[in-house]
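The values are calculated or read from the model by the stated rules, or taken from the named source; none is laboratory data. The structure displayed is predicted, hence computed values, not measured ones. So basically every Cβ, Gly included, is an ideal-geometry build from the backbone, and we count neighbours across all protein chains shown.
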Amino acid sequence: MPRNRIIYQSEVLYCGPSPATGFHFKSGASNRVGATLAGDLGSGMASGLVQQLHRVQDISYSFSVDRTDVNQFGELAAIDRVVLTPPTVSLDFSYLLNSFSNEKLLGLTVDTSGNVSAIKNLLNKTSDERNYFIKTVGEGVDAIGEGNTASDVISIGNGFLTNYGVEASVGSFPSVKISVEGLNMAFETGLATGTFFTLPSVNPENGTRSSNKYILPIATGNAGPGDLDISVLRPGDITFSIKRRDASSEGYLTAATGAYTTPGQNLDDNADRKIQSFNIGLSLKRSPISKLGSRYAFSREIDFPVQVTSTIEALVTDLTTGSLTDLVNFDEAYDLSMNINKPGEGGAASSGTAVRYMLRNCKVTSQAYKSSIGANKMVTIDFTSQIGGPNQTTVGLFMSGVTSDLASVVNNDIKIAGSTVQ
């Protein structure tokens, strides 16, 4: 029976391991082709490394193809329109924060010490490129827990993270927005649960599709038990810290001298800050690198330097004394920290850190004030830092908090549907 429509109930988003053309199964050393794949099917069991992203709120994806006209004297219309550059594939999605399990699966580094760059694994190429899968089950059926009906899958191959943004504001849940650029998009229909299917990734050298296989696990409501079972984080559990750095030692100043001193709105830790919203944006613009004899760009490298921005919007209350000459003569650097605690249970106060973002060695780039009849006077303050190398702990973006180990998230062996290999 044909579908009348597709709504959020029936869709779920997954991402695979890195590299995109590599191994997508939990155990063994092969790519599950030939005899090994047949052996798995014969036993009726297999475990995949493709994992579900949770708390997703929206997904959009598209592709575009640029063509170059081939003209010649004597003919008005082009004699051909040739594809010289690979198609542009984009994927954008957002999700609510409840832990850093999604960040871990996306290849970002979440370190308990808070001293490892959030994009360390992207910089060293150990977790930079992966595949993404949008699974759609039958109409009127929840995708979570559904394992009995055939599904359609739209997959994005060779996806590179190009933008990461987090936002928290009064009256709304903290959320994350992600942008990805890929090399290929594949459309598959009628996939039974447990069916092996061919990866959407392509070989950049010749543009041929990978022959390796993947399998999609049955979707779950949470990334795991315990803290991973938190429904969502709340704006009332957010705390901020802004510390001034010592330019000579790259360390913190003492509590007495490390106050926020930039002229204008007072954001010192001891002040009664009335912050209304806070966001961090990390843009990873990439340049394709091509060579003769290759149909695709064999690499998509990050353009450096990489800027990390943060914007704080607050009610204008207490001000600090000073002028722009002070900002020019004493250009202070700050460390910003946004901490979101786990929600309390049974009416208890929140306790323990769920997620913490740290933006280090950033400087004020702008302040904007707005006042109008009937509204509170507001100030918007922009900060900017740069991404440092993997060994630099005093500059860039850092993350720490609740996450999940891949081994604990991977589903147990799941039943293969019949003996289908597609």
(message) If a residue must be within 21 Å of the chain's Cα centre (by Cα), outside any loop (DSSP other than H, G, I, E, B) and among the charged types (D, E, K, R), how many such residues does the stretch 208-237 contain?
(response) 2
(message) Return the residues of the stretch 269-281 that are assigned to a strand (DSSP E or B) and either touching a Ser or Thr at 6+ places or on another chain (Cβ under 8 Å) or among the polar types (S, T, N, Q) (or both); say none if nothing qualifies.
(response) Q276, S277, F278, N279, I280, G281
(message) Condition first: small (G, A, S) and over 30 Å from G221 (Cβ atoms). Now tell me which residues in the stretch 57-88 satisfy that.
(response) S64, G74, A77, A78
(message) Let me spell it out: the conditions are (1) closer than 30 Å to K285 by Cα; (2) touching a residue at least 12 places away in the same chain (Cβ under 8 Å), and T208 meets all of them except one. Which number is the exception?
(response) (2)
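Scan the stretch 117-142 for residues that are closer than 25 Å to Q392 by Cα and either in a strand (DSSP E or B) or of a type outside the set (S, T, N, Q) (or both) and report the count.
9
Would you point out the residue of the stretch 99-116, among those that are β-branched (V, I, T) and either touching a Phe, Trp or Tyr at 6+ places or on another chain (Cβ under 9 Å) or in a helix (DSSP H, G or I) (or both), that is surrounded by the fewest Cβ atoms within 10 Å (Cβ to Cβ)?
Looking only at the stretch 99-116, we keep the residues that are β-branched (V, I, T), and these are 109-110, 112, 116.
From what's left, either touching a Phe, Trp or Tyr at 6+ places or on another chain (Cβ under 9 Å) or in a helix (DSSP H, G or I) (or both): 109-110, 116.
Values: T109: 23, V110: 21, V116: 19.
The qualifying residue surrounded by the fewest Cβ atoms within 10 Å (Cβ to Cβ) is V116.
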(request) With the condition kept exactly as written, say whether any residue in the stretch 157-166 is out of contact with any Asp or Glu (no Cβ under 8 Å at 6 or more places or on another chain), under 18 Å from V12 (Cβ atoms) and at pLDDT 95 or above. (result) no
(request) Could you tell me which numbered condition A192 fails, if it satisfies all but one of (1) within 30 Å of D272 (Cα to Cα); (2) surrounded by fewer than 17 Cβ atoms within 10 Å (Cβ to Cβ); (3) out of contact with any strand residue (DSSP E or B) (no Cβ under 6 Å at 6 or more places or on another chain); (4) among the hydrophobic types (A, V, I, L, M, F, W, C)? (result) (1)
(request) Scan the strands (runs of 3 or more DSSP E) fully inside the stretch 292-372 and keep the ones with 3 or more residues being under 23 Å from N279 (Cα atoms) and in contact with a Ser or Thr (Cβ under 7 Å, 6 or more places away or on another chain). (result) 307-315, 334-341, 353-370
(request) Take the stretch 167-189 and flag every residue that is buried (at least 17 other Cβ atoms within 10 Å of the Cβ) and either basic (K, R) or out of contact with any strand residue (DSSP E or B) (no Cβ under 8 Å at 6 or more places or on another chain) (or both). (result) K177
(message) Quick check on the stretch 55-98: of everything there that is buried (at least 18 other Cβ atoms within 10 Å of the Cβ) and aliphatic (A, V, I, L, M), which residue is farthest from E167 (Cα to Cα)?
(response) V89
(message) If the requirement is being under 12 Å from the mean Cα position of the chain (by Cα), in contact (Cβ under 8 Å) with a residue 60 or more places away in the chain and on the phi > 0 side of the Ramachandran plot, which of these qualifies: G145, G107?
(response) G107
(request) Mind listing whichever residues of the stretch 395-419 are at pLDDT below 90, surrounded by 14 or more Cβ atoms within 10 Å (Cβ to Cβ) and either assigned to a loop (DSSP other than H, G, I, E, B) or of a type in the set (S, T, N, Q) (or both)? (result) V402, T403, S404, V410, N411, D413, I416, A417
(request) Report whether or not P263 is of a type outside the set (A, V, I, L, M, F, W, C), closer than 30 Å to F383 by Cβ, at pLDDT 90 or above and surrounded by fewer than 20 Cβ atoms within 10 Å (Cβ to Cβ). (result) no
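Condition check ((1) closer than 23 Å to M358 by Cβ; (2) touching a Leu at 6+ places or on another chain (Cβ under 8 Å)) across all residues:
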position	(1), (2)
R286	no, no
Y296	no, yes
E301	no, no
V306	yes, yes
T311	yes, no
N329	no, no
